1. Out of the residues in the stretch 57-80 meeting the condition of being at pLDDT below 70 and farther than 24 Å from residue 93 by Cα, tell me which one is surrounded by the fewest Cβ atoms within 10 Å (Cβ to Cβ).
2. Step by step: first the residues of the stretch 131-161, then only those that are aromatic (Phe, Trp, Tyr) and under 21 Å from residue 203 (Cβ atoms), then the one that is surrounded by the most Cβ atoms within 10 Å (Cβ to Cβ). Which residue is that?
3. Pull up the stretch 1-48, narrow it to residues that are assigned to a loop (DSSP other than H, G, I, E, B) and touching a Pro at 6+ places or on another chain (Cβ under 6 Å), then point me to the one that is modelled with the lowest pLDDT.
4. Mind checking whether some residue in the stretch 187-194 is of a type in the set (Val, Ile, Thr) and either over 29 Å from residue 23 (Cα atoms) or touching a residue at least 40 places away in the same chain (Cβ under 8 Å) (or both)?
5. For the stretch 86-180, which fully contained strands (runs of 3 or more DSSP E) count at least 2 residues that are without any contact (Cβ under 8 Å) to a residue 12 or more places away in the chain and not aromatic (Phe, Trp, Tyr)?
6. State whether the residues of the stretch 171-178 include one that is out of contact with any strand residue (DSSP E or B) (no Cβ under 7 Å at 6 or more places or on another chain), at pLDDT 95 or above and surrounded by 13 or more Cβ atoms within 10 Å (Cβ to Cβ).
Amino acid sequence: MNAGQGYTFDNERPAHEVAVPEFEIDAQPVSWTQYVEFVADGGYDRPELWLPAGWEWLQQQAQGDEGRRAPRHVEQIGLARAGGQGGVLQRWFGNTVRVAGWSPVMHLSWWEADAWCRWAGRRLPTEVEWEVAAHQAANRGFRWGDVWEWTGTTFHGYPGFQADPYRDYSEPWFGTHKVLRGASLATRRRMKSPKYRNYYLPGRDDIFCGFRSCAL
């Protein structure tokens, strides 16, 4: 607890200065329409788009006899056609629903987000770029809060980090997990903060997670 500043977790402290070079970031998370194009272009069959560990992760996944070809819980994915055919069908809370093309792609791993960026000639934002945009670019259309968003940052403590009494909250995961920023449709309002640092192993895809990209 910081006096007069509200509650903070140990991995959000201490405040420190960071030099942030100029960058260009998407105003919105990557949509299903954008991601379907990656799938249609053979994104799940092109090892050159994946980091070696990501390609290994992909080969270990299984969805039927043909292996993984889409994010988690997706039952159908394809380019939308006239007459309502195609598009994305995904399992939501036990029900199969047709997902709107403009909505953020969801339930995918860091490996998949990184592969899409390589395919698109983009990159994942660093967590500091994401935070700067969240604080300063709302009037330019930057919106967040629908999905947790993978960043390109590996989870570490800030300079001068000191663990809280519950040391296992942050410290054991430094160096192995990737940082997500934002919030999701399932996040309580009181927990939504542009400074909150979420973190998971890059293969996790069971959370409400998506991503946005930056120009190279």
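1. Residue satisfying both the conditions and the ranking: 65.
2. Of all residues in the stretch 131-161, those aromatic (Phe, Trp, Tyr) come to 142, 144, 148, 150, 155, 158, 161.
The next check asks that each one be under 21 Å from residue 203 (Cβ atoms); those that pass are 148, 150, 155.
Working: 148: 24, 150: 32, 155: 21.
Result: 150.
3. Here is the first cut: in the stretch 1-48, the residues assigned to a loop (DSSP other than H, G, I, E, B) are 1, 3-5, 7-9, 13-24, 26-30, 41-42, 46.
Next, only the ones that are touching a Pro at 6+ places or on another chain (Cβ under 6 Å) stay: 16, 29.
Values: 16: 92, 29: 98.
If we take residues in the stretch 1-48 being assigned to a loop (DSSP other than H, G, I, E, B) and touching a Pro at 6+ places or on another chain (Cβ under 6 Å), then 16 is modelled with the lowest pLDDT.
4. Here is the first cut: in the stretch 187-194, the ones of a type in the set (Val, Ile, Thr) are 187.
Next, from what is left, pick out any that are either over 29 Å from residue 23 (Cα atoms) or touching a residue at least 40 places away in the same chain (Cβ under 8 Å) (or both): 187.
Yes, the conditions are met somewhere in the stretch 187-194.
5. Working: elements: 87-92, 95-99, 148-154.
Here the list reads 95-99.
6. Taking every residue of the stretch 171-178 in turn, at least one turns out to be out of contact with any strand residue (DSSP E or B) (no Cβ under 7 Å at 6 or more places or on another chain), at pLDDT 95 or above and surrounded by 13 or more Cβ atoms within 10 Å (Cβ to Cβ).
The values are calculated or read from the model by the stated rules, or taken from the named source; none is laboratory data. The structure displayed is predicted, hence computed values, not measured ones. Reconstructed Cβ throughout: ideal geometry from the backbone, glycine too, with neighbour counts over all protein chains shown.
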